[in-house]
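Just so you know, all these numbers are worked out from the coordinates, no wet-lab data involved. Given the structure is predicted, the values throughout are model-derived calculations rather than measurements. Using ideal geometry, Cβ is built from the backbone for each residue, glycine included, and neighbour counts are taken over all protein chains shown.
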């Protein structure tokens, strides 16, 4: 799968599908009306855009909507976009930015070190 750009409104729909699994488009529209005050047409427009991007499939006749890209695929694409745009394509610069943050606790630093150690041991 090539990288796809998911916008905020589309991400809300994807998050719902990742959490709840496949659902009927009308039920999704009803849920988003209650939760976000979206018009039914808004939900259907977002679904059509996601389908056009290859992120969801819709099966007829009841319009069963299924996520066909994973949360991890979208996270990877968004991370790559962020690194390219803000850090000149350098993951090391992104990581350095996190390390310079005053918001990192010792626990978080330990978790990051454990991830690095695990990755190093796998390769």
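Using Cβ counts within 10 Å as a stand-in for footprinting exposure, how do 6, 24, 116 rank, fewest first? Please list the in-between numbers first.
On the way: 6 22, 24 14, 116 11.
Listing 6, 24, 116 from fewest to most nearby Cβ atoms yields 116, 24, 6.
Report relative contact order for region 8-71 in percent, whole number only (criteria: Cα-Cα under 8 Å, sequence separation at least 6). All intermediate terms of the calculation are to be shown ahead of the outcome.
Details: 69 pairs, mean separation 25.4, N = 64.
Once divided by the residue count of region 8-71, the mean separation gives 40 percent.
Please report 79, 43 as a ranked list, fewest other C-beta atoms within 10 angstrom at the top and most at the bottom. Don't skip to the end; give the middle numbers.
On the way: 79 12, 43 23.
With the sparsest Cβ surroundings first, the list reads 79, 43.
Over the Cα atoms of region 8-71, compute the convex hull volume and normalise it per residue, giving Å³. Mind dumping the intermediate values first?
On the way: hull volume 4.7 nm³, N = 64.
Cα convex hull per residue, to the nearest whole number: 74 Å³.
Using the number of other C-beta atoms within 10 angstrom as an exposure proxy, rank 28, 99 with the fewest first. List each step's numbers first, then the result.
Numbers: 28 23, 99 10.
Ordered from fewest to most neighbouring Cβ atoms within 10 Å, 28, 99 come out as 99, 28.
Kindly list the residues of region 9-31 that lie in the label zone of residue 81, defined by a backbone N under 18 Å from the point 7 Å along the Cα-to-C-beta vector.
9-18
For the chain, what Kirkwood radius comes out of the mean inverse Cα-Cα distance, in Å? Numbers along the way, then the final one.
Details: mean 1/r = 0.0593 Å⁻¹.
For the chain, inverting the mean 1/r across all distinct Cα pairs yields 16.9 Å.
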